Amino acid sequence: MKTLLLVCHSRTGGARSMADAAAAAARAHEVTLRYRCAEAAGPRDLIEADGYLFAAPENLAALAGAMKEFFDRCYYPALGRLNGRPYAGLICAGTDGGGAARQLARIATGWRLREVAPPVIVRTGAQTEEAILAPKTILPSEIARCAELGATLAAGMALGIF
């Protein structure tokens, strides 16, 4: 059975809600799901997995610090050992999300991962300090998009498509 690694960082709950929806949908397929927070995940988790789903907020037009730190810690130990494996991304953003998505894509390109679907970017509209720091509630329609991505990635892995 293939292993799908879901690595998530969330400070206000938005990215966590997105990851939880994707994880629940992925579990309905013939894959082993490993769900790790970015702070606890390491190179071994990456190397032992067959595919990846990365979920993080965008902060200041880039991946949030804890997720970036995960990539920084794991990049070189995993380099050359993940080639061709599938991945997808979930980004929780205020109004954009493109900067974080591009940064994730550049890191994945360095690892020679294969993007199997465009990232799901959920825009919360948070613009003030208070709104940015407040707990996030993700709309059901957006949760459904996240679930669809988790199911698609898991099903493709289980069927050997990815």
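The values are calculated or read from the model by the stated rules, or taken from the named source; none is laboratory data. Here the structure is a predicted model, which means the values were calculated and not measured. FYI the Cβ positions are ideal-geometry reconstructions off the backbone, even for glycines, and counts take in every protein chain you see. To get the accessible areas, we keep the full protein, side chains included, count just its heavy atoms, and leave off ligands, DNA and RNA. Shrake-Rupley method; radii C 1.70, N 1.55, O 1.52, S 1.80 Å.
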Answer residue from the range 62-75, given it is open to solvent by 60 Å² or more (accessible area, probe 1.4 Å) and farther than 14 Å from Asp45 by Cα and is nearest to the chain's Cα centre (by Cα) among those: Lys68
Filter the range 39-50 for residues that are closer than 18 Å to Tyr75 by Cβ and touching a Ser or Thr at 6+ places or on another chain (Cβ under 7 Å); the one that is surrounded by the most Cβ atoms within 10 Å (Cβ to Cβ) is Ala49
Go through the residues of the range 38-47 one by one and say whether even a single one is over 16 Å from Ile138 (Cβ atoms), part of a loop (DSSP other than H, G, I, E, B) and free of Cβ contacts under 8 Å to residues at least 12 places away in the same chain. yes
Given (1) under 17 Å from Arg85 (Cα atoms); (2) in contact with a Pro (Cβ under 8 Å, 6 or more places away or on another chain), Val31 misses just (2)
Pick out the one residue from Gly65, Gly42 that is over 18 Å from Ile121 (Cβ atoms) and modelled with pLDDT under 95. Gly65
Please state which of the following conditions Gly94 fails to meet, knowing it meets all the rest: (1) in contact with a helix residue (DSSP H, G or I) (Cβ under 9 Å, 6 or more places away or on another chain); (2) within 22 Å of Phe162 (Cβ to Cβ). (2)
So which residues in the range 112-159 are open to solvent by 50 Å² or more (accessible area, probe 1.4 Å) and of a type in the set (Asp, Glu)? Glu115, Glu129, Glu130, Glu148
Go through the range 99-126 and give me each residue that's farther than 19 Å from Glu69 by Cα and of a type in the set (Gly, Ala, Ser). Ala117, Gly125, Ala126
With (1) without any contact (Cβ under 8 Å) to a residue 40 or more places away in the chain; (2) surrounded by 13 or more Cβ atoms within 10 Å (Cβ to Cβ); (3) part of a loop (DSSP other than H, G, I, E, B) as the list, and Phe162 as the residue in question, which single condition is left unmet? (1)
Taking the range 123-137 and keeping residues of a type in the set (S, T, N, Q) and without any contact (Cβ under 8 Å) to a residue 24 or more places away in the chain leaves Thr128
Counting only residues that are among the small types (Gly, Ala, Ser) and either more than 21 Å from Ala134 (Cβ to Cβ) or open to solvent by 60 Å² or more (accessible area, probe 1.4 Å) (or both), how many does the range 1-37 have? 6
Using the structure shown, decide if Leu53 is assigned to a strand (DSSP E or B) and open to solvent by less than 10 Å² (accessible area, probe 1.4 Å). yes
So, in the range 91-130, of the ones that are of a type in the set (S, T, N, Q) and outside any helix (DSSP H, G or I), which residue ends up farthest from Tyr52 (Cα to Cα)? Thr128
